[in-house]
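Every read-out reported here was derived from the displayed coordinates using simple, explicitly stated rules and does not represent laboratory data. Computed from a predicted model, the values in this text were never measured in an experiment. Because the Cβ atoms are built from the backbone with ideal geometry, glycine has one as well, and the counts that use them run over all protein chains shown.
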Amino acid sequence: MIENELTFLVKELPKNIEKYPKKIIKQGYFSDFPSPLRIRSEDAEIFTLTKKEKIKEGDCSRHNETTIKIKEEEFEILWPLCKKSLEKERFYYPVGDLTAEVDIFSGDLQGFNMVEVEFPDEKTRESFTPPDWFGTDITQKKWAANSVLSEMTYQEVLLLIKKEGLY
């Protein structure tokens, strides 16, 4: 599957976000950016193994993503082998005909939030206007990849955001 997305900081969470569907996500990584191999648990019910590969050098917005379902037992065996991990709540919030995936991180990244929007085609992506609650577009920032964030703390992310003048 081709993943075609944009990633943004969050200026402020929508006031009614708790009304929308969410998942508790726990993911761990075996390899690093730009082609991470990860396992993921969604609500401790769905377990997957995913390999992401950049399609074009220098473009962090498009990836070839291969995902297979695994059993909970396989996830439990593989989890301790992960080099790094993170946990987050992901809310699925409507933005016109699209869905914003709002990630609210916990653990070492508690306090950091970001939002991703996946697009079905280039025309939809090019015509997308982010709502006011979206912050700066960080799609092309290497540190915005979950596989990189999984090695960071909220304070480290905040320092990068301030250093790069993104707020």
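By how many nm would the segment from Leu81 to Ile46 grow when fully extended, if each residue of separation counts as 0.36 nm and the alpha-carbon distance is taken off? Show your work: numbers first, answer last.
Numbers: separation 35, 0.36 × 35 = 12.60 nm, distance 1.90 nm.
Net length gain for the segment: 10.7 nm.
Could you work out the relative contact order of the chain, using alpha carbon pairs under 8 angstrom and six or more residues apart, expressed as a whole percent? Present the calculation step by step, with values, prior to reporting the outcome.
Values: 325 pairs, mean separation 47.7, N = 167.
29 percent.
Taking 0.36 nm per residue of separation and subtracting the Cα-Cα distance, what length does fully extending Glu53 through Lys71 add? Before the final figure, lay out each step's value.
Numbers: separation 18, 0.36 × 18 = 6.48 nm, distance 2.35 nm.
Full-extension gain reported as 4.1 nm.
Using only Cα atoms, tell me the angle between helix 154-163 and the longest principal axis of the chain; keep it within 0 to 90° and round to the nearest 10.
Around 40 degrees separate the two axes.
Run the helix sum for the chain: -39,500 (n - 2.57) per DSSP H stretch of 4+ residues, divided by residue count, reported at 222 nm to the nearest 500 deg cm²/dmol.
Values: 4 runs with 26 residues, N = 167.
After summing the helix terms and dividing by the residues of the chain, the value is -3500 deg cm²/dmol.
Can you give the local net charge around Leu166? Use residues other than it whose beta-carbon is closer than 10 angstrom to its beta-carbon, Lys and Arg +1, Asp and Glu -1. Write down the numbers at each step before the final one.
On the way: positive: Lys141, Lys162, Lys163; negative: Asp137, Glu164.
Neighbourhood net charge equals +1.
From the phi angles alone, apply the Karplus equation (6.51, -1.76, 1.60; θ = phi - 60°) to segment 114-128 and give each ³J(HN,Hα) in whole Hz, x where the residue is Gly or Pro.
Taking θ as phi minus 60°, the curve returns 8, 9, 10, 10, 9, 10, x, 7, 5, 4, 5, 5, 5, 8, 6 Hz for segment 114-128.
Compute the normalised compactness of the chain: alpha-carbon radius of gyration over 2.2 N^0.38 Å, N being the residue count. Please list the in-between numbers first.
On the way: Rg = 15.5 Å, N = 167, 2.2 N^0.38 = 15.4 Å.
Rounded to two decimals, the normalised Rg is 1.01.
Can you tell me the FRET efficiency between Tyr154 and Lys11 if r is taken as the Cβ-Cβ distance and R0 is 22 Å, rounded to the nearest 0.05?
0.85
Could you state the number of Å between the C-alpha centres of segment 122-137 and segment 31-106?
22
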